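Handing you this structure, nothing more for now.
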Amino acid sequence: FTQFMKELYTKAKANGLVLSVDVSVIVANSNWSSCYDRAALAKVADYVALMTYDQHWDGSPVSGSVAQLTWVEESLQKVLKEVPKEKLLLGVPFYTRLWKEEYVSGSNTPKVTSTAISMEAAEKAIAENKAVKTWDAKSGQYYATYKQGNTTYKIWLEDEKSIELKSKLVNKYNLAGIASWKYGLEKPQVWETIGKVLGGNTM
């Protein structure tokens, strides 16, 4: 993959193109993480976008935040040891997950499933089910939960406030900018928030 990027970078530069590459967070003893030579990739790309989301992913055995603020910052600090700050883009999620915890007969632990939804869909689910949002300082997010029969639903919201806190890490660590996944799932106000934090330099 690094060799491919090296050859692509040469072609991109010859055509006046800006080239970026996405990498995962660093997780020890993990094939999907250790497959990236982040330091080498930084030398053959204009920007490296760090995918600081999916902390709790589709198929996670437990419910949780997609991108808890403390986890995002810790992940960023690890990658900064390999990628120069002037090339690093902080990836932020424009989605969240609606978690469903359902107890089945004969089991003491719930069956956990989730669906990725947009910011507005998450707010709608909370409003329709009359759930109460509470602020979780560690996650840097609002959290809500509600029940339907024997099933519990949980949401760690991504919204203007959570994105603002994550965006401030760009300034704190003097990063090149911000990246996101994915366009169309965000509230319109999020762009105003990012622009305000980054001084209008949204990418």
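What is the residue count in segment 154-191 for residues that are in contact (Cβ under 8 Å) with a residue 24 or more places away in the chain, in contact with an Asp or Glu (Cβ under 9 Å, 6 or more places away or on another chain) and either over 22 Å from Tyr143 (Cβ atoms) or among the acidic types (Asp, Glu) (or both)?
9
When segment 27-50 is examined, which residues are found to be touching a Phe, Trp or Tyr at 6+ places or on another chain (Cβ under 9 Å) and either at pLDDT below 95 or open to solvent by 50 Å² or more (accessible area, probe 1.4 Å) (or both)?
Cys35, Tyr36, Asp37, Lys43, listed by residue number.
How many residues are closer than 15 Å to Lys43 by Cα and not acidic (Asp, Glu) if we restrict to segment 1-31?
Selection size over segment 1-31: 17.
Sort out which residues of segment 145-198 are closer than 25 Å to Ala42 by Cα, over 16 Å from the mean Cα position of the chain (by Cα) and open to solvent by 50 Å² or more (accessible area, probe 1.4 Å), and write them in order of number.
Correct list: Asn171, Lys172, Asn174.
Name the strands (runs of 3 or more DSSP E) wholly inside segment 95-142 in which the number of residues that are farther than 18 Å from Leu165 by Cβ is 3 or more.
So the answer is 95-102, 111-118.
Out of all the residues in segment 167-191, which are more than 15 Å from Glu74 (Cα to Cα) and among the hydroxyl-bearing types (Ser, Thr, Tyr)?
Hits for segment 167-191 are Ser180, Tyr183.
Still on this structure: Could you tell me which numbered condition Glu102 fails, if it satisfies all but one of (1) surrounded by 19 or more Cβ atoms within 10 Å (Cβ to Cβ); (2) over 15 Å from Ala67 (Cα atoms)?
Condition not satisfied by Glu102: (1).
If I go through segment 105-141 residue by residue, how many of them are aliphatic (A, V, I, L, M) and open to solvent by 90 Å² or more (accessible area, probe 1.4 Å)?
1
Condition first: closer than 17 Å to Gln55 by Cα and assigned to a strand (DSSP E or B). Now tell me which residues in segment 143-188 satisfy that.
Tyr143, Lys154, Ile155, Trp156, Ala179, Ser180, Trp181
Kindly provide the set of residues from segment 57-69 that are within 12 Å of the chain's Cα centre (by Cα) and open to solvent by 40 Å² or more (accessible area, probe 1.4 Å), ordered by number.
So the first thing to find is which residues in segment 57-69 are within 12 Å of the chain's Cα centre (by Cα), and the list is 57, 65-69.
Correct list: Trp57 only.
Ok, one more. If Tyr53 satisfies every condition in (1) closer than 30 Å to Glu192 by Cα; (2) in contact with a Lys or Arg (Cβ under 8 Å, 6 or more places away or on another chain); (3) surrounded by 15 or more Cβ atoms within 10 Å (Cβ to Cβ) but one, which is the exception?
For Tyr53, the exception is condition (2).
Looking at Tyr95, is it touching a strand residue (DSSP E or B) at 6+ places or on another chain (Cβ under 7 Å), of a type in the set (Phe, Trp, Tyr) and under 17 Å from His56 (Cβ atoms)?
Judged against the criteria, Tyr95 is a match.
The values are calculated or read from the model by the stated rules, or taken from the named source; none is laboratory data. This structure is a prediction, so every number in the text was calculated from the model and none was measured. We place every Cβ from the backbone using ideal geometry, glycine too, and count neighbours over all the protein chains shown. Heads up: the accessible areas ignore ligands, DNA and RNA and are worked out on the full protein's heavy atoms, side chains in. Shrake-Rupley method; radii C 1.70, N 1.55, O 1.52, S 1.80 Å.
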